[in-house]
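Asks: Structure provided below as structure tokens; questions to follow.
The values are calculated or read from the model by the stated rules, or taken from the named source; none is laboratory data. Remember, predicted model here, so these are calculated numbers, not experimental data. Here the Cβ positions follow ideal geometry from the backbone for every residue, glycine too, while neighbour counts run over all protein chains shown. Heads up: the accessible areas ignore ligands, DNA and RNA and are worked out on the full protein's heavy atoms, side chains in. Shrake-Rupley method; radii C 1.70, N 1.55, O 1.52, S 1.80 Å.
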Amino acid sequence: MKKSLWRAAVGAPVLSLALLALPGAAQATTAPAQAPAQDSVQALVTKLTHSQATSRFRAAGITWSSSGGCSDRNNPTCTSFEQINLTTVQGAETLKSASGCALNITGGTETGHASGTYSHWNGYKLDFSLSTCLNNYITSRFTYIGSSKYQSGSGNIYFRESNHWDVTYYNCGGC
């Protein structure tokens, strides 16, 4: 088991969480991430390589595509998972298993998305293709919070954009 510590702003350990060490997780790195503004806790986030993420997505039956047919993180027409958060990958796995829907990822950690702490680049977001199954699952199971946004019971945000779902994973969604 890989452990990640949550620390208060002063650095005192307040809670220890165990993350499952799944295939390929041995190479994963841990990096600090900024916590929500209303929370004074700073979390350590486990980052995955593109290869580790695609192995997990493939095993879960999750597909991905890019308009450029590539995975270069520095090319906005590619779909990359380099430096994606483990909890983001687990969140997609949870969505797949809970919904039973086909999931196709069209946006990962590549450049070209909006910036911010909880951004694609920082490993917190994925874009999913629209589908009737996924649309129905999200809109019937999650709470509508306005402006085309839905919040899952675990707190993750699903934003319906014109041609995809933009999902922010603050956690693994109940993995």
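Asks: Below 8 Å between Cα atoms, with a sequence gap of 6+, how large is the relative contact order for segment 106-175 in percent?
Replies: Across segment 106-175, relative contact order equals 26 percent.
Asks: Amide H neighbours of I84 under 5 Å, at least 5 residues apart or on other chains, H built in the peptide plane: list them.
Replies: Answer set, sorted by chain and number: L48.
Asks: With the full set of protein chains in place, find how many percent of the accessible area of segment 41-81 is carbon and sulfur; take the probe as 1.4 Å.
Replies: Within segment 41-81, the accessible surface is 51 percent carbon and sulfur.
Asks: Please give the FRET efficiency for Y144 paired with A114, using the beta carbon to beta carbon distance and R0 = 25 Å, rounded to the nearest 0.05.
Replies: Computed FRET efficiency for Y144 and A114 comes out at 0.70.
Asks: Continuing with this model, one more query. Accessible area of K149, 1.4 Å probe, to the nearest 10 Å²?
Replies: About 70 Å², rounded to the nearest 10.
Asks: Provide the solvent-accessible area of W64, counting protein heavy atoms only and rolling a 1.4 Å probe, rounded to the nearest 10 Å².
Replies: Per-residue accessible area (W64): approximately 80 Å².
Asks: Quick one: accessible surface of R73, probe radius 1.4 Å, all protein chains present, in square angstrom to the nearest 10.
Replies: Rounded to the nearest 10, the figure is 40 Å².
Asks: Full extension from S99 to C133: what is 0.36 nm times the residue separation minus their Cα-Cα distance, to one decimal in nm?
Replies: 11.4 nm
Asks: Another question, if that's okay. Calculate the dipole size of segment 66-175 relative to its Cα centre from +1 charges on Lys and Arg beta carbons and -1 charges on Asp and Glu beta carbons; express the result in debye to the nearest 20.
Replies: About 300 debye.
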